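The values are calculated or read from the model by the stated rules, or taken from the named source; none is laboratory data. None of these values were measured; they are calculated from a predicted model. As a convention, Cβ positions derive from the backbone with ideal geometry for all residues, glycine included, and neighbour counts pool all protein chains shown. The protein model used for the area step is the full one, side chains on, heavy atoms only, and it has no ligands, DNA or RNA in it. Shrake-Rupley method; radii C 1.70, N 1.55, O 1.52, S 1.80 Å.
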Amino acid sequence: MEAGLEQLAEAEGTTATWLKKHRLVYTAATRHPFILSIRDGSIDLNSFKRWLGQDYLFVRAFVPFVSSVLLKACHESDNNSDMEVFLSGLAALNDEIKWFKKESSKWGVVLSSIAPQKVNEDYCRFLESLMGPNVEYTVAITALWAIELVYQQSFAHCLEEASRTPLELAETCQRWGNEGFGQYCRSLQKIADRRLLRATSEELKKAEATLLRVLEHEVEFWNMSQG
Ligand SMILES: Cc1ncc(CNC=O)c(N)n1
């Protein structure tokens, strides 16, 4: 019996332990009032449009970040299938950018005339700080996983049975709340956990701090969208 419990504790990765430890900010990021307002149908559509335009700019900055993680995987990874996970992530982003263009024209949002808000600029600058060759693969993959997880968990919440998400927002929620994206997030988490298991205490410290910074930036991003 005791051995079973130990195995269970061992089976839980570092990332799951950290999410429990930091569950207040994790919940703030994944159950934000902006998301809850989509879920209960009370969303102010101007907020949604603000989010749409700002997120398009964020995603454009996110592409080079994911590319930098792929590059690190090619140089530093101990597992050659990591690369394929990031490649599929980049393929999804190609699709996503097309979707943003289509969706914004549907809502009358003119992407070419949108300037990034300060919160967005700060988040993009944070991404840039994680792109350099001095940032360890382990730290970068932890950030990538956390960024994707927040959207997956947030939008999947809007698709649950009890939710009253407006029909015109269902496609947005599907984009990040679908099962395939959930699987992608689990693949990222597995890579992160595998790396964290072999990380130095210095790397562990950096990765945990980076996870926290991601969650804080995500909360700020929702705050900004809500206006
Ligand atoms: C602010 C923010 N965080 C995470 C995501 C999800 N990743 C790619 O789409 C996103 N689009 N925007």
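Taking every DSSP helix (H) stretch of at least 4 residues in the chain, weighting each as -39,500 (n - 2.57) and dividing the sum by the residue count yields a mean residue ellipticity at 222 nm of -26000 deg cm²/dmol. With 23 Å as the limit, the listed pairs LYS72/LYS205; LYS20/LYS206; LYS49/LYS101; LYS49/LYS72; LYS21/LYS190; LYS49/LYS190 have LYS49/LYS72; LYS49/LYS190 beyond it between alpha carbons.
Each residue was assigned an accessible area with a 1.4 Å probe, and for SER88 the value is about 60 Å².
Between ARG60 and SER37, the FRET efficiency estimated from the beta carbon spacing at R0 = 30 angstrom works out to 0.70. Counting only heavy atoms of the protein chains, get the accessible area per residue of the stretch 38-157 (1.4 Å probe) and round it to a whole Å² value. Averaged over the residues of the stretch 38-157, the accessible area is 43 Å². By the gyration tensor of its Cα atoms, with a ≥ b ≥ c the square roots of the eigenvalues, what is the shape of the chain: rounded for a/c under 1.5, prolate for a/b over b/c, or oblate? It comes out prolate by the Cα gyration axes. In the Gaussian network model of the chain, springs joining C-alpha atoms below 10 Å, which of LYS20, LYS72, LYS206 carries the largest mean-square fluctuation? For the chain, modelled as a Gaussian network with Cα springs under 10 Å, the answer is LYS20. Residues whose amide H lies under 5 Å from that of GLY41, counting only those 5 or more places away or on a different chain, are ARG164; hydrogens are built 1.01 Å from N in the peptide plane.
Measuring r between the beta carbons of GLU76 and ALA162 and using R0 = 45 Å, the FRET efficiency lands at 0.55. Compute the angle between helix 179-197 and the longest alpha-carbon principal axis of the chain, please, reported from 0 to 90 degrees and rounded to the nearest 10. Helix 179-197 sits at roughly 30 degrees to that axis. These residues, ARG31, ARG186, ARG23, go from largest to smallest accessible area, 1.4 Å probe, as ARG23, ARG186, ARG31. Whole-Hz Karplus values for the stretch 129-140 come out as 5, 9, 8, x, x, 6, 8, 5, 3, 4, 5, 5 Hz, taken residue by residue from phi with 6.51 cos²θ - 1.76 cosθ + 1.60 and θ = phi - 60°; glycine and proline positions read x. Protein heavy-atom surface of the stretch 69-227, 1.4 angstrom probe: 54% of the accessible area is carbon and sulfur, with nucleic acids and ligands not counted.
Taking 4.7 Å between beta carbons as the limit, the unpaired Cys residues of the chain are CYS74, CYS124, CYS185. Straight Cα distances below 15 angstrom link LYS102 to the aspartates and glutamates ASP55, GLU168, GLU171, with same-chain residues fewer than 8 positions distant left out.
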